[in-house]
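Read the structure below first, then the notes.
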Amino acid sequence: MSTIGYLKILTCAVILSIAPIACQVSTQLPREQKTEIVFVATHHATLLLNPDFSPAHLRALLSKIDPAAISVEKLPDWRDRGHFFTFPQEWYATHTWAEEKGIPIYGVDWSGSAEDKEEAVASLEPPDTSTVEQRWEELQTRLTGLGKWEAGQAFGESNGIESFQRNELTRETDQAWFLQLPSDERAFFDTRDDHITENILNMAREYPGKRIAVVYGGFHCPRISKRLRNQTEISIVSTFQFFPLTPEEITSGWYKDDAVLLLGANLDSWVIPGIPQARDHRRTKELLNKLELLEPESSVTRYYQAKWRLLFGDLEGAEGILNEILSQQILTAIPHFPDHRWCWPPLRTFEQKALFTLATVYDLKHQHDLAVNEYRKLLRILEKENWLEVLNWRNSYYDLDYYLQDLIETPYRGGAWEAFRAWESIRWHKPLENVEKLRE
């Protein structure tokens, strides 16, 4: 073979050998065209309990990330659902920040996830035949465990925002506990995370060359991140480069309604009658002091002042404040849609809350006839406002008619029984047609 012929063959071989590499390189986008994704891992209960992972901390982190858009653990059609729910709680912090900054926010959860599964399970489950006594024993056990966990959050013994990110975003995605789940449950989680990943990708394609934040439950973040790392148009940016957060940055993340939700979690949650020791009430007093400086004479502040007095058994002091609120005959709306984790019962105004709490004070003073008058007055108000069945997250709802009628029959007595009474009035599977009526 001539030298020229040999060179031709060698040239063709080299071209063929590098062709796959050339094709692979051609499919890779230049870095400046990729969408950067920053994951912010959250826990659905932490923002109302942990002093180092508050709404202000989350907003401070988002400000440092400075995203062009945000994706959150909400269904894509959340705007059509009619209410701004405050659960998961990170939704409240994220939405209020994005709204002020004018940042687009996208729900990227899977619409066929929990709702379809809950309804399928509800349709297959036999009717609940347990007795009140059995359910009461079960709730007492649950409150014991919940109290220990929430106390750990409230007293800052668990993770703040930075350490939580490191724990969640760096852990292995296939945990031992996950592998121990039944195969159908693992398949469900995998399918859900596949859909979430696809929804995030569809959103990311709208922001080539820009940065988006993914604010999601810590369980999902590493699983979704692992899926996205294989996508050529995505670049995962480390969350850790945005830490530490300075005190000034955290202070700037404080919003006016934060004190209402945080005080509610400490004084007005459905669990507080049963486990008041699960809250750091030094923080409660600090929050109350802040609210007193901002709005000293408002019904909001006065209501929490009354709840503070009740925490220490000062029935007479609380009664005086509550009567003051009601004598003003004004209406002060509860900001955002009420949730049993920070607003029980989930009423519409602080004056209605004052009316209810006054009735409980009468009961605690063994004046049940006076209490019944207030409960019935509140029932008439709620019936007129069509607020006796209050939509909760997903397809559950609060049956306030049942709750108030039960109080008329059996006086309020405080303690864990009142947490049980509240829990008994939450309905977990509402038929869809009725849910749609509640949304109207």
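The values are calculated or read from the model by the stated rules, or taken from the named source; none is laboratory data. Bear in mind that the values here come from a model prediction, so they are computed numbers and not experimental data. FYI the Cβ positions are ideal-geometry reconstructions off the backbone, even for glycines, and counts take in every protein chain you see. Keep in mind that these areas ignore ligands, DNA and RNA; they rest on the heavy atoms of the full protein, side chains included. Shrake-Rupley method; radii C 1.70, N 1.55, O 1.52, S 1.80 Å.
The table for this structure:
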{"item": "Viscosity 0.692 mPa s, temperature 37 °C, Stokes-Einstein D of the chain from Kirkwood C-alpha radius, µm²/s", "result": "134"}
{"item": "0 to 90° range, to nearest 10: angle between helix 55-65 axis and the chain longest Cα axis", "result": "20"}
{"item": "Sequence-distant residues sharing a close amide H with Thr42 (under 5 Å, placed H)", "result": "Tyr216, Gly217, Gly218"}
{"item": "Average projected area [Cα convex hull, segment 140-284], square nanometres", "result": "11.9"}
{"item": "Under the Karplus curve 6.51 cos²θ - 1.76 cosθ + 1.60, θ = phi - 60°, whole-Hz ³J(HN,Hα) for segment 388-398, x wherever Gly or Pro sits", "result": "8, 10, 9, 4, 10, 5, 6, 10, 9, 7, 9"}
{"item": "For the chain, calculated [θ]222 nm from helices alone, where every DSSP H run of n ≥ 4 adds -39500 (n - 2.57)", "result": "-17500 deg cm²/dmol"}
{"item": "Length gained when the stretch Gln329-Gln134 is fully extended (0.36 nm per residue, less Cα-Cα span)", "result": "65.9 nm"}
{"item": "Estimated distance in nm for a label pair at Ser298 and Asp314, the labels positioned 7 Å out from Cα along Cα-to-Cβ", "result": "2.2"}
{"item": "Evaluated over segment 237-331, the Cα radius of gyration and Dmax, each in Å", "result": "16.4, 56"}
{"item": "Of Arg421, Arg229, Arg283, the one that fluctuates the most in a GNM where the chain has Cα springs shorter than 10 Å", "result": "Arg229"}
{"item": "Surface accessible to a 1.4 Å probe, Phe84 within the full protein complex, Å²", "result": "50"}
{"item": "0 to 90° range, to nearest 10: angle between helix 315-327 axis and the chain longest Cα axis", "result": "80"}
{"item": "Interchain or long-range residues, amide H under 5 Å from Val108's placed H", "result": "Val72, Lys74"}
{"item": "Efficiency of FRET from Cβ geometry, Glu409 and Lys365, R₀ 25 Å, rounded to 0.05", "result": "0.85"}
{"item": "0 to 90° range, to nearest 10: angle between helix 350-364 axis and the chain longest Cα axis", "result": "50"}
{"item": "Residue among Gly217, Gly145, Gly209 with the largest mean-square fluctuation in a Gaussian network model of the chain, springs linking Cα atoms under 10 Å", "result": "Gly145"}
{"item": "Surface share of carbon and sulfur [accessible, 1.4 angstrom probe, percent] for the chain", "result": "54"}
{"item": "Karplus (6.51, -1.76, 1.60) ³J(HN,Hα), θ = phi - 60°, over segment 228-244, in Hz, Gly and Pro reported as x", "result": "6, 5, 8, 8, 5, 8, 10, 10, 7, 9, 5, 5, 5, 5, 8, 9, x"}
{"item": "Taking the convex hull of Cα positions in segment 173-219, its mean projected area over all directions (nm²)", "result": "3.8"}
{"item": "Note, ³J(HN,Hα) from phi for segment 42-52, Karplus 6.51, -1.76, 1.60, rounded to Hz, x at Gly and Pro", "result": "9, 10, 5, 10, 5, 4, 9, 10, 7, x, 9"}
{"item": "Under 5 Å, built H, 5+ apart or other chain: amide partners of Ser235", "result": "Thr35, Glu36, Ile37"}
{"item": "Protection proxy ranking, peptides 352-359, 200-207, average beta carbon neighbours within 10 Å, highest first", "result": "352-359, 200-207"}
{"item": "Heavy-atom accessible area per residue - the chain, 1.4 Å, Å²", "result": "48"}
{"item": "Overall Cα dimensions of segment 250-291, principal axis frame, Å, largest first", "result": "34, 18, 16"}
{"item": "Too-long pairs where the Cα-Cα distance tops 27 Å, listed order kept, from Lys148/Lys285; Lys148/Lys365; Lys226/Lys256; Lys307/Lys365; Lys101/Lys148; Lys64/Lys148", "result": "Lys148/Lys365; Lys226/Lys256; Lys101/Lys148; Lys64/Lys148"}
